[in-house]
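Working notes, beginning with the structure itself.
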Amino acid sequence: MPRGRSATADPAGAGTGAGAPRRWWRRRPHHALLAAASLYLLFISFKFHRFLEIAALVSGDDAFAGLDRPPSFSSSAAASASAALVGGGGDSGFHRRLEDSPRKEEQEEEDEKIIKPFWHRYNPVPVSEIMNRTGNRTDLERSAEEAWELGMKAWDELKNFELQGLDRLTTMERKQESCPSSISVAGAEMGAEFGEERLIFLPCGLAAGSSITVVGTPHGAHKEYVPQLARMRQGDGTVWVSQFMVELQGLKAVDGEDPPKILHYNPRLRGDWSQSPIIEHNSCYRMQWGTAMRCDGSPSKDEDDRVDGFIKCEKWVRNDIVDLKESKTTSWLRRFIGRAKKPAMTWPFPFVEGKLFVLTLQAGVEGYHIFVGGRHVTSFPYRPGFTLEDATGLAIKGDVDIHSVYATALPLSHPSFSLQRVLEMSDNWRSQPLVQSPVFIFVGILSASNHFAERMAVRKTWMQSSEIKSSNVVARFFVALNPRKEVNAVLKKEAEYFGDVVILPFIDRYELVVLKTVAICEYGVHNLSAAYIMKCDDDTFVRVDVVSRQIKKIASGRPLYMGNLNLLHRPLRTGKWAVTFEEWPEDIYPPYANGPGYIISSDIAKFIISQHANHGLRLFKMEDVSMGLWVEKFNSTTAVQYSHSWKFCQYGCLENYFTAHYQSPRQMLCLWDKLARGRAHCCNFR
């Protein structure tokens, strides 16, 4: 065997040959001891602070007490409990570590900080008293009790989930990122009863080029009674109806709120008020419908905007319109001058009762294109506030039998499923520590637990304004818990890093939004001593400097209530927004500002907190109406200055706005870019 091999490649025989060199540790054993000691010291230098923490916990040191349990909270201890809030008081250990350019040791401690939710009473009476009461409980109280109990359970499960290892979260994110490129579902697999909604989950939404094909058969028409026709004395008030809906839906944000309808495609075979077949297109965001696009068989005009080169509405045969045939003289003249006559094809309405149809929906660059039987029928441009990735569900309902559904060319990943893709873990977007001195405005932003992209867009845009950077204005997100512990784990991680999320310990529900408003008032008064408190939504773009100037311009020293005010509004007694007489016995609502953005002065906020602590605060499921009710009660003893402006936009955006509502993350970035160029213009694109 060669000498070199015996020394290097044969460890078992190394040093056994006569010519093999002796190992260095056999000549100098103290060198091995020195190397081991160096490695040990290096290990201790990195882990010594953790050893001290464990020793402190074992010895019962107060410095680490209470990290694993919620603090007790009483009405007289609001200020002392502020340090336990997510993004709490300026003197809390958490915020002391949110300085610019933190040291490495401080960063490591911050990552290990255990975050706690905003523990407080969110019911008109303590939870224990509600649970012991058997009668005279309102629906909102029962819902709050249930949401509170589920929230406590969800938080405990989250702690157990984390004890098993946060690495599971990253693993689940990776698993969620992988989505099928195609989906095939037979009608029998949908399992819906007659007339019920059939829903197909599209895990990663759609992408440009994706297509969905639906094979079905419309039902025959049936009679429906329409009260409006009866009141108009048009026959017996009945009409023949045959219609169905194909909808692309987004994810539902909170319980009690319908998921957004990104595309609503509604063929009406017997027509509606026009008595002629029609196809209606629309979208619905936050339960607010947009302007419908109706195709009635008349082709779109050439000057109308096209969608990827397609006209919005194609032509089909209409019984009420007769095409005039070309005269013989005109036909002879055209041939004489050499103009070739284009062949004209007249197609019937694409859907017929009892006959099979094949509908294909394609996602283009500028909008959706619908083909029936291989022929283009309509095209619907994308609406502001939506992206293709948002369309994570296909819903079909109405008078139709579905035989099969095919979805192809689907994206393989969804950006919202990845924490690293949506949440940009950069120091540029972290909140500043709370200041000890009073601030001018505190902005409480209502947000749903899974709205990671919306919160990130706010951080990168109007939360970067000079008023907030100077700590003259402070903004925080108020978020309740999600039924899914994976979402709560990401939410907790987000709150720990950015320091701008206040976690409320109940399961999010639409009717409990009013509890978030109470929490905003308490936070602004006890944690910041803010002169004014503003409430807005996470899809509201706020021109902070303009709002600040407007308050200074309007304020006269009296209590202030500012926003887009509604006067003499009546409650709806029927429909989705129905309010029962038990919930609201009065005929009209008090004057109230629309929820997407309004401001109250601190004296009004203190009154709300006082009334809540004394169990005298009336809670109503519509939070903006509740605020109007509270301000009206305060106004009965102290005169309030009501200030109205349309520039607090309720729907969309107006030029020179104060706040713009229903803004998608892309629109937020666009609005911020336009403000940087000195123009307060709107961004009307998806």
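Just a few scattered comments:
- For region 417-676, the Cβ-based charge dipole about the Cα centre amounts to some 280 debye (Lys, Arg positive; Asp, Glu negative; other atoms uncharged).
- Evaluated at q = 0.14, 0.21 Å⁻¹: base-10 log I(q)/I(0), Debye formula over Cα of region 529-686: -0.77, -1.33
- Ranked by how many other beta carbons lie within 10 Å on average, peptides 487-494, 550-557, 564-571 from highest: 487-494, 564-571, 550-557
- Each label point was placed 7 Å from the Cα along the Cα-to-Cβ direction; for LEU356 and ARG484 their separation is 3.7 nm.
- Extending 7 Å from the Cα toward the beta-carbon at both LYS674 and TRP240 defines two label points whose distance is 4.9 nm.
- Gain on full stretching of the segment that runs from GLU655 to THR574 - 0.36 nm per residue minus C-alpha separation: 25.7 nm
- Listed by Cβ neighbour count within 10 Å, with the fewest neighbours leading, ASP508, ASP538 appear as ASP538, ASP508.
- Rounded FRET efficiency, nearest 0.05, which uses the C-beta distance separating LYS552 from ASP272 and R0 of 45 Å: 0.30
- Distance violations [Cα-Cα > 26 Å] among LYS553/LYS647; LYS493/LYS535; LYS223/LYS312; LYS469/LYS633; LYS493/LYS516; LYS516/LYS647: LYS223/LYS312; LYS469/LYS633
- Extension reserve of the THR408-TRP289 stretch, reckoned as 0.36 nm per residue once the Cα distance is removed: 40.0 nm
- Stretching ILE588 away from ASN428 to a fully extended chain increases their span by 52.9 nm, per 0.36 nm per residue minus the current alpha-carbon distance.
- Hydrodynamic radius (Kirkwood) for region 417-676, which is based on Cα pairs only, to one decimal in Å: 18.8
- FRET efficiency for LYS469 and ASP603, using Cβ-Cβ distance with R0 set to 35 Å, rounded to 0.05: 0.80
- Placing dummy labels 7 Å off each Cα toward the beta-carbon, the span from MET190 to SER437 is 6.4 nm.
- Ranked packing of 456-469, 422-435, most packed first, by mean Cβ within 10 Å: 456-469, 422-435
Bear in mind that the values in this text are calculations on the coordinates, not laboratory data. In this text, all values refer to a predicted model and were calculated from it rather than measured experimentally. Positions of Cβ are generated from backbone atoms using ideal geometry, with glycine treated the same way; all protein chains shown enter the neighbour counts.
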